[in-house]
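What follows is a single structure, written as structure tokens, with notes after it.
The values are calculated or read from the model by the stated rules, or taken from the named source; none is laboratory data. Nothing here was measured: the structure is a model prediction, and the numbers come from that model. Cβ atoms come from the backbone with ideal geometry, glycine included; neighbour counts cover every protein chain shown.
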Amino acid sequence: RPEYAENPEELVRKARSEGFGEEVKLRILLGTYVLRSGFQDQYYQRAQRIRTAIRKDFDRVFEEVDVILSPVFPTQAFKHGSEGLDPFQQKVADRFTTAANLAGIPAISIPCGFTKDNLPVGLQILAGHFREETLFRVAHAYEQATPWHKMKPKI
Amino acid sequence: MEYEAVIGLEVHLHLKTKTKAFCGCSTEFGREPNSQVCPVCLGFPGALPVFNKTALESAIKVALAMNCKVQAYTKFDRKNYFYPDLPKNYQISQYDLPLSKDGFLEIESDSKVKWIRIRRVHMEEDAGKFIHQGQVTLIDYNRAGIPLLEIVSEPDISSPQEAYIYLTTLKSTIEYLDVSDCDMEKGSLRCDANISLRPKGADNLGVKTELKNMNSFKAVKDALAYEIRRQTESLESGKKMSQETRLWDAKEAKTIAMRTKEDAQDYRYFPDPDLTPFLIQAEEIERIKKSLPELPKAKVLRFVKEYGIAEYDAKILVLSKKDAEYAELCMRAYPQKEKKTLVNWLIGPMLAEANAKGCAVAELGVSVADLLELVRLVETDVISNLSAKAVLSEMVQTHKTPNDIIKEKNLIQISDSAALSSIIDEVIRNNPKSVADFKTGKVNALMFLVGQVMKASGGKANPKTAQEMLKGRINNA
């Protein structure tokens, strides 16, 4: 909450400018942009239709398999600060995990080992809509068969 | 050039649910500010809404009473804007798939029946309330999240008086459903108006003005009347109308323009992802439809048919649901086939007592049996009509039975000619001029003499008997 504001609009503007981080601001601006009157069809509605197509894709695949496995992250953990990935690269790196959000399916990530630099690696398991039971059983079985969940990397 | 007014009304109604629309906070009115709030209605990060089922049922009841088509598939949308009384910075409302649409409200205007079409009835939540205290404005969020119904009419209303009738008819209908208090003073009913003028008989709509800040049905009528005058003057002097919002100033009895916003608000409506769209089963709608109480219009028709009373009288009897039920109990128990006398007591003295006390007729504490007894006592000439009215007042005050009161106050009418004889003689003796006037044919003189008999007898003489006796004695003298 800012020290001083002339009026409610300024109060809100200052609080949000000072309080929200860059990423949050970016997403708010993006959301506002695509929802603008006159542009909703072009951006928001179109994205929603693509999302439905993604969901239907997963529905089809889960008719033939029980679960889908993938890494959680496409590379090993990146370094902190400017040596690591920039915000855009980070977003692109989310490509395995955004699928569950878009398709609305259950997913879980569990430890599955370490890279040769001793950095932990995550395994993502995806299951079909309302198939949480299958998801938990597969994850549990893997956990029972491996020691990774009991190990911590040396910092 | 003659202009005609084209008016549409938007009514916001508080639904009388125990808890808010999307959280478990109490909706009780008049509590300590900000004591009925929680993370959901305050819009704290991470809080999620859950829709109140009773609110949906109440909404469907209203939609059906407004003759609207309840949609099978409906959803909530976010209406996004910034304002201090809106905690989430969006209002949960309905945009393109409202709960119901395409209905009508039947009103009586100028003794003619008119249908005002209802464009839609949809659900939303209320915002917080501002309390202005000098330089500071405080905000009470107890009201934020209370379920609201928005009822939008088509611009079918053509006069301020019609707008008033629309509102009273709407209120009377919805009161029967018992889903809202419909009280503009308490803020459970709010009304905004849209008005435009066009040349009489024209098809196109003129530029509309939105009116806000009217705090009573009368204010709506007054504000619209003022706007018609103002806009007519404006148009006749050649000024061009621009779309604007104006506030009604009740004290000064005029409308003032609101500071114009630079751009029209873009609410960026999108479906609320926290609330799933839902289906309303046809069986559910049927069930609710069957559970609707008999509405005023149907009750009037039935009263006329079943009890043979005048439509005009029936309309007064049905104004309030409680009173209509009380009236029906009375009419059922009343032994005579012709109910006029009883009805006159209900819409006359009983209603007057209720208005004086500021309550419903049914709440006066006069039992059906007692009222009927009182009416019987008058009909059998035991007491005079005049005395009966006084007895009624006493019944309302003390809840005693009519017979007890009559005995106590010694109000039994003197109908016996022997008892009245001496009074009659005295009045004739003391008013020679009136007696002479009556003999020359002045009927009023007789009435005056009857009045004198009533006075001399302390109001207890039977006026009919007195009149006959006076006539007899004077003519035979």
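What to note about this one:
- Residues in the stretch B:361-381 that are touching a Leu at 6+ places or on another chain (Cβ under 9 Å) and closer than 12 Å to B:GLN336 by Cβ: 2 in all.
- Members of the stretch B:442-465 that are outside any helix (DSSP H, G or I), loosely packed, with under 14 Cβ neighbours inside 10 Å and more than 42 Å from the chain's Cα centre (by Cα): B:LYS442
- Of the residues examined, A:ARG27 is not one that is within 12 Å of another protein chain (Cβ to nearest Cβ), out of contact with any Pro (no Cβ under 8 Å at 6 or more places or on another chain) and either surrounded by 11 or more Cβ atoms within 10 Å (Cβ to Cβ) or of a type outside the set (Asp, Glu) (or both).
- Flag for B:GLU286 being assigned to a helix (DSSP H, G or I), loosely packed, with under 14 Cβ neighbours inside 10 Å and away from chain A (no Cβ under 14 Å): yes
- Of everything listed in (1) surrounded by 15 or more Cβ atoms within 10 Å (Cβ to Cβ); (2) over 29 Å from B:ILE174 (Cβ atoms); (3) within 14 Å of another protein chain (Cβ to nearest Cβ), the single unmet condition for B:THR232 is (3).
- Flag for B:ASP222 being on the phi < 0 side of the Ramachandran plot and at pLDDT 95 or above: yes
Condition check ((1) outside any loop (DSSP other than H, G, I, E, B); (2) over 24 Å from the mean Cα position of the chain (by Cα); (3) not β-branched (Val, Ile, Thr)) across all residues:
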residue: B:MET1; (1), (2), (3): no, yes, yes
residue: B:GLU4; (1), (2), (3): yes, yes, yes
residue: B:ILE7; (1), (2), (3): yes, no, no
residue: B:VAL11; (1), (2), (3): yes, no, no
residue: B:LYS16; (1), (2), (3): no, no, yes
residue: B:GLY24; (1), (2), (3): no, yes, yes
residue: B:PHE29; (1), (2), (3): no, no, yes
residue: B:GLN36; (1), (2), (3): no, yes, yes
residue: B:PRO39; (1), (2), (3): no, yes, yes
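- Filtering B:GLY206, B:GLY187 for residues that are buried (at least 18 other Cβ atoms within 10 Å of the Cβ) and in a loop (DSSP other than H, G, I, E, B) leaves a single hit, B:GLY206.
- Residues that are polar (S, T, N, Q) and within 11 Å of another protein chain (Cβ to nearest Cβ) within the stretch B:68-80 comprise just one, B:ASN80.
- Comparison of B:ALA298, B:ALA327 shows that the only residue that is without any contact (Cβ under 8 Å) to a residue 40 or more places away in the chain and surrounded by 19 or more Cβ atoms within 10 Å (Cβ to Cβ) is B:ALA327.
- Remark: B:TYR83 falls outside the filter, which requires a residue to be crowded, with 18+ Cβ neighbours inside 10 Å, within 14 Å of another protein chain (Cβ to nearest Cβ), in contact (Cβ under 8 Å) with a residue 12 or more places away in the chain and more than 19 Å from B:LEU189 (Cβ to Cβ).
- Boolean, B:LYS112 is of a type in the set (Lys, Arg), away from chain A (no Cβ under 14 Å), buried (at least 16 other Cβ atoms within 10 Å of the Cβ) and within 30 Å of B:LYS297 (Cα to Cα): no
- With respect to the conditions (1) crowded, with 20+ Cβ neighbours inside 10 Å; (2) under 30 Å from B:LEU205 (Cβ atoms), B:LEU15 falls short on a single one, namely (2).
- Of all the listed residues (B:ASP249, B:ASP222), the sole one being more than 13 Å from B:ASN194 (Cα to Cα), surrounded by 18 or more Cβ atoms within 10 Å (Cβ to Cβ) and in the same structural domain as B:GLY206 (by TED's automatic domain parsing) is B:ASP222.
- Residue within the stretch B:134-146 that is in contact with a Ser or Thr (Cβ under 7 Å, 6 or more places away or on another chain) and part of a strand (DSSP E or B) present: no
- A single entry from B:PHE130, B:PHE104 fulfils the requirement of being in a strand (DSSP E or B), under 20 Å from B:SER216 (Cα atoms) and either out of contact with any strand residue (DSSP E or B) (no Cβ under 9 Å at 6 or more places or on another chain) or not hydroxyl-bearing (Ser, Thr, Tyr) (or both): B:PHE130.
- Among the residues of the stretch B:43-74, those that are closer than 18 Å to B:PHE278 by Cα, surrounded by fewer than 21 Cβ atoms within 10 Å (Cβ to Cβ) and not hydrophobic (A, V, I, L, M, F, W, C) comprise B:PRO49, B:LYS53, B:THR54, B:GLU57, B:LYS69, B:GLN71, B:TYR73, B:THR74.
- Odd one out for B:CYS359 among (1) without any contact (Cβ under 8 Å) to a residue 12 or more places away in the chain; (2) in a helix (DSSP H, G or I); (3) not small (Gly, Ala, Ser): (2)
- Flag for A:ARG13 being surrounded by 14 or more Cβ atoms within 10 Å (Cβ to Cβ), touching a residue at least 24 places away in the same chain (Cβ under 8 Å) and either within 13 Å of chain B (Cβ to nearest Cβ) or closer than 23 Å to A:GLY104 by Cβ (or both): no
- Options B:GLU162, B:GLU106, B:GLU125; residue that is closer than 30 Å to A:VAL12 by Cβ and away from every other protein chain (no Cβ under 14 Å): B:GLU125
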